[in-house]
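Asks: This is the structure I have questions about; it appears just below.
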Amino acid sequence: MSYETKIAIPILQKNKEDILKIAEDYIKKGADLLELRIDSIANSNPKMVKSIIEEINFPTIATNRSPLEGGYFKGNEKDRIAILQNCVDIAEFIDIELQTELKYITPIIDSGVKTIISFHDFEKTPPIDDLMQIIEEEKNIGDIAKIAVMPKDLEDTIIVLAILSRYENTIAISMGEIGSYTRVMASKFNSPITFATGGDVTAPGQIDIETMKLMLNMNIIDHDELVNTI
């Protein structure tokens, strides 16, 4: 592997049997990380989720996405965080939203698990100054900062690249078809993680892992040259 950026593939299955089956498939396809979307699991609870991650036995991002940021978890906030807290000793990373109340974030941070503090905007790409403030807040809390925003034009995607050029240990994604290339270019800025799909592309902008691995291994443009253009 000639790139350092790890490829994570989200798993959004509803039951344990399907999760374990698809996890095995994604590992065989070359995923570096699996993102277990806990919010997609039917009737999830702390014990069940922990057992799933244990059986997967592969570096996993535990994510229990809030409905306010595009997730599907139907329980209350206390229950949502309780599931994540129960994963701190077995997950590679815990993804928790920046907007989560500090009283819920603190116990996860204090556990010592590596964290991804995330922010999503499915309607627009905020101005770069606003995004920089968000990144700064995320970095003050956890290990890796993450933003995923929706572009309205190509210029919006350049804002995302500018964020990547200014911050280390940062995941910055421009969503949709226009922004799909930012998932690949992330490696040119030494972003720690990018996201691909394990099979069928289900939304604009997604890239399957085979294509992602191929593109990440292509020296399309020199990193220093790219940074100097932004």
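Every number in this text was worked out from the coordinates using simple rules, so none of it is lab data. Not measured: the values here are computed from a predicted model. Positions of Cβ are generated from backbone atoms using ideal geometry, with glycine treated the same way; all protein chains shown enter the neighbour counts.
Asks: If each of residue 143 and residue 155 carries a label point 7 Å out from its Cα toward its Cβ, how far apart are those two points in nm?
Replies: 3.8 nm
Asks: How large is ³J(HN,Hα) for each residue in the range 110-119, as worked out from phi by the Karplus curve 6.51 cos²θ - 1.76 cosθ + 1.60 (θ = phi - 60°), to whole Hz, x for Gly and Pro?
Replies: Result, rounded to whole Hz: 5, 5, x, 5, 6, 10, 10, 9, 10, 9.
Asks: From the phi angles alone, apply the Karplus equation (6.51, -1.76, 1.60; θ = phi - 60°) to the range 98-107 and give each ³J(HN,Hα) in whole Hz, x where the residue is Gly or Pro.
Replies: 4, 6, 5, 4, 4, 5, 8, 6, 3, x
Asks: Taking 30 Å as R0, compute the FRET efficiency from the Cβ-Cβ separation of residue 89 and residue 177 and round it to 0.05.
Replies: Working from the Cβ atoms, E equals 0.15.
Asks: In whole percent, what relative contact order does the chain give with Cα contacts below 8 Å and a gap of six or more residues?
Replies: Averaging sequence separation for qualifying contacts and normalising by length gives 18 percent for the chain.
Asks: Okay, moving on. Taking only DSSP H segments of four or more residues, each worth -39500 (n - 2.57), what value at 222 nm results for the chain once the sum is divided by all its residues, to the nearest 500 deg cm²/dmol?
Replies: After summing the helix terms and dividing by the residues of the chain, the value is -11000 deg cm²/dmol.
Asks: Next question. Return one number: the angle in degrees, 0 to 90 and rounded to the nearest 10, between the long axis of the Cα atoms of helix 46-56 and the longest principal axis of the Cα atoms of the chain.
Replies: Rounded to the nearest ten degrees, it is 60.
Asks: Hey, what angle do you get for helix 154-166 against the long axis of the chain, alpha-carbon based, 0 to 90 degrees rounded to 10?
Replies: Relative to the chain, helix 154-166 is tipped by roughly 80 degrees.
Asks: Just to check I understand the Karplus step: with θ = phi - 60° and J = 6.51 cos²θ - 1.76 cosθ + 1.60, what whole-Hz values come out for the range 175-189, glycine and proline as x?
Replies: Residue by residue, the range 175-189 yields 7, x, 5, 4, x, 4, 5, 5, 5, 7, 5, 3, 5, 5, 10 Hz.
Asks: Suppose the chain between residue 58 and residue 18 were pulled fully straight at 0.36 nm per residue; how much longer would it get relative to their current alpha carbon spacing?
Replies: 12.8 nm
Asks: Now for a different question. What aspartates and glutamates sit close enough to residue 103 to cross-link, taking a C-alpha to C-alpha distance under 12 Å and skipping anything fewer than 8 places away on the same chain?
Replies: Within the straight-line cut-off, residue 103 pairs with 77.
Asks: Please go through the residue pairs 114/139; 6/29; 14/124; 74/139 and name each one whose alpha carbons sit more than 20 Å apart in this structure.
Replies: 14/124; 74/139
Asks: Continuing with this model, one more query. On a 0 to 90° scale, report how tilted helix 16-28 is relative to the longest principal axis of the chain, with both axes built from alpha carbons and the result rounded to the nearest 10.
Replies: Once rounded, the angle reads 40 degrees.
Asks: Arrange the following residues from fewest to most other Cβ atoms within 10 Å of their Cβ: 106, 100, 63.
Replies: Result, fewest neighbours first: 106, 100, 63.
Asks: Here is a follow-up. Using r as the Cβ-Cβ distance of residue 210 and residue 101, and R0 as 41 Å, what FRET efficiency do you calculate, to the nearest 0.05?
Replies: Calculated value: 0.55.
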